[in-house]
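Here the structure is laid out as structure tokens; the discussion comes afterwards.
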Amino acid sequence: MTIGPFLQNEAFEPEEVQAMSAAFEDVCKALDLADDANGTRELIAGQIIAVAHLGERSPTALRDRVLREFTAFDARGVRRLVRPTAFSW
């Protein structure tokens, strides 16, 4: 799935959409989201779009920033999905 369906009423250049789509797909893979995790996917897309509005265009930086907000490591060092209560940007 690409970020395209979440970009309604948004104005980005094609290469920016490509970068956001790559970040979106990478975050979804890293979190091992189920195909029906639509609410979580929408939240992730919204945060990627918000960071892109701040000027970030690197798919790696977009991915890493959003992953930091959506994950935490447990005592064994395993990455776990968390629902952020507030974002740092």
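The values are calculated or read from the model by the stated rules, or taken from the named source; none is laboratory data. For clarity, every value in this text was computed on a predicted model and none was experimentally measured. In this analysis, Cβ positions are derived from the backbone assuming ideal geometry, glycine residues included, and neighbour counts consider all displayed protein chains.
Below is a table of values for the structure above.
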{"quantity": "Selection status of residue 63, part of a helix (DSSP H, G or I) and surrounded by 14 or more Cβ atoms within 10 Å (Cβ to Cβ)", "calculated": "yes"}
{"quantity": "Residues (over 14 Å from residue 70 (Cβ atoms) and surrounded by fewer than 16 Cβ atoms within 10 Å (Cβ to Cβ)) located in segment 17-56", "calculated": "18, 25, 34, 35, 36, 38, 53, 54, 55"}
{"quantity": "Hits in segment 16-51 (condition: over 14 Å from residue 1 (Cβ atoms), at pLDDT 95 or above and not hydrophobic (A, V, I, L, M, F, W, C))", "calculated": "16, 18"}
{"quantity": "Residue 24 being hydrophobic (A, V, I, L, M, F, W, C), without any contact (Cβ under 8 Å) to a residue 60 or more places away in the chain and not in a helix (DSSP H, G or I)", "calculated": "no"}
